[in-house]
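J.: Encoded as structure tokens, here's the structure I'll be asking about.
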Amino acid sequence: CPATDWSQDWIKKHWYTLTTVYARAPFFAELAPRLQPFYQTKPKLLADFTIELTIFLADCLGNRHTRFVRSSELNIPAGHKTERLINILTHLGASEYLSGPAARAYLEPDRFEQAGIRLEYMKYDYPEYPQLYPPYDPQVSIIDLMFMTGGDALNYILQPPTTASER
């Protein structure tokens, strides 16, 4: 993996954007101090930043039972596309895999079936929640949801979709 390019201080710019855009969000003051340490690092790899941030956000949402594993730490034979993923899932003893919807373009569902792994695609149709800049935009980061709803964020993720007028 190539090292992170620090010729531009993207991490500082990203933090500035978050603080500028969300300063008036209801739960900004609660979450921002806990997020800021991630933005005060200069990780060697971008993956180091995203993995640690993902684990932190999962913990904030109450997910303390999921085991996070880097595929680079596993002794998995090389493979192309779906093959490598199935090798990882098999190594970990997975019986199902939940993927983002964009992966439909390249995953091979028949390979999952042959391996005895159920393949499902995530549906990002969460209920609407108040946002700082209407109209509602569902295509935002989990950080938006957390800044806006605080401890209720997981409830939005787990409940069936509704429109704002149904609440």
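The values are calculated or read from the model by the stated rules, or taken from the named source; none is laboratory data. In this text, all values refer to a predicted model and were calculated from it rather than measured experimentally. Neighbour counts are summed over all protein chains in view; Cβ atoms, including those assigned to glycine, are modelled from backbone coordinates with ideal geometry. Note: areas computed on protein heavy atoms with side chains; ligands, DNA, RNA excluded. Shrake-Rupley method; radii C 1.70, N 1.55, O 1.52, S 1.80 Å.
J.: Scan the range 32-62 for residues that are open to solvent by less than 50 Å² (accessible area, probe 1.4 Å) and over 26 Å from W6 (Cβ atoms) and jot them down.
T.: In the first step, residues of the range 32-62 are kept if they are open to solvent by less than 50 Å² (accessible area, probe 1.4 Å); the result is 32, 35, 38-39, 43, 45, 47-49, 53, 56-58, 60-62.
Those that are open to solvent by less than 50 Å² (accessible area, probe 1.4 Å) and over 26 Å from W6 (Cβ atoms): A58, C60, L61, G62.
J.: Something else: Is the range 104-111 home to any residue that is touching a Lys or Arg at 6+ places or on another chain (Cβ under 9 Å), hydroxyl-bearing (S, T, Y) and modelled with pLDDT of 95 or more?
T.: No, the range 104-111 has no match at all.
J.: Pick from E113, E108: which is open to solvent by 70 Å² or more (accessible area, probe 1.4 Å) and either over 18 Å from the mean Cα position of the chain (by Cα) or not β-branched (V, I, T) (or both)?
T.: Details: E108 fails: open to solvent by 70 Å² or more (accessible area, probe 1.4 Å).
Only one candidate passes the filter, namely E113.
J.: Can you tell me which residue in the range 86-137 is farthest from T19 (Cα to Cα), limited to those that are among the aliphatic types (A, V, I, L, M) and touching a Gly at 6+ places or on another chain (Cβ under 8 Å)? Show your work before the answer.
T.: First, pick out the residues of the range 86-137 that are among the aliphatic types (A, V, I, L, M): 86, 88-89, 92, 94, 98, 102-103, 105, 107, 115, 117, 119, 122, 132.
Next, from what is left, pick out any that are touching a Gly at 6+ places or on another chain (Cβ under 8 Å): 86, 122.
Numbers: I86: 39, M122: 29 Å.
Ranking the candidates gives I86 first.
J.: Looking at the range 127-141, I want the residues that are under 15 Å from I157 (Cβ atoms) and surrounded by 12 or more Cβ atoms within 10 Å (Cβ to Cβ) and have a partner that is at pLDDT 90 or above and among the β-branched types (V, I, T) with Cβ atoms under 6 Å, at least 6 apart or on another chain. Which pairs are those?
T.: Y129/T149
J.: While we're here: Got at least one residue in the range 92-100 being assigned to a loop (DSSP other than H, G, I, E, B) and open to solvent by 50 Å² or more (accessible area, probe 1.4 Å)? Even if it seems obvious, please write down each step before you answer.
T.: From the range 92-100, those assigned to a loop (DSSP other than H, G, I, E, B) are 93-95, 100; that's our starting set.
Of the ones still in play, those that are also open to solvent by 50 Å² or more (accessible area, probe 1.4 Å) are 93, 95.
The answer is yes; a qualifying residue exists.
Condition check ((1) touching a Gly at 6+ places or on another chain (Cβ under 7 Å); (2) β-branched (V, I, T); (3) assigned to a loop (DSSP other than H, G, I, E, B); (4) at positive phi) across all residues:
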{"position": "S7", "(1), (2), (3), (4)": "no, no, yes, no"}
{"position": "K13", "(1), (2), (3), (4)": "no, no, no, no"}
{"position": "T20", "(1), (2), (3), (4)": "no, yes, no, no"}
{"position": "A29", "(1), (2), (3), (4)": "no, no, no, no"}
{"position": "R34", "(1), (2), (3), (4)": "no, no, no, no"}
{"position": "P43", "(1), (2), (3), (4)": "no, no, yes, no"}
{"position": "F49", "(1), (2), (3), (4)": "no, no, no, no"}
{"position": "L53", "(1), (2), (3), (4)": "no, no, no, no"}
{"position": "D59", "(1), (2), (3), (4)": "no, no, no, no"}
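J.: Moving on. Any residue in the range 1-25 that's farther than 15 Å from Q40 by Cβ: show its pairings with residues that are open to solvent by 100 Å² or more (accessible area, probe 1.4 Å) at Cβ separation under 7 Å, as long as the two are six or more apart or on different chains.
T.: A3/K44
J.: Here's another thing I want to ask about it. Inside the range 67-88, can you point out the residues that are open to solvent by less than 60 Å² (accessible area, probe 1.4 Å) and either in contact with a strand residue (DSSP E or B) (Cβ under 6 Å, 6 or more places away or on another chain) or assigned to a loop (DSSP other than H, G, I, E, B) (or both)? Steps first, please.
T.: At the first step, the residues of the range 67-88 found to be open to solvent by less than 60 Å² (accessible area, probe 1.4 Å) are 69, 71, 74, 76, 79, 82, 85-88.
Answer for the range 67-88, where residues must be open to solvent by less than 60 Å² (accessible area, probe 1.4 Å) and either in contact with a strand residue (DSSP E or B) (Cβ under 6 Å, 6 or more places away or on another chain) or assigned to a loop (DSSP other than H, G, I, E, B) (or both): V69, L74, I76, G79.
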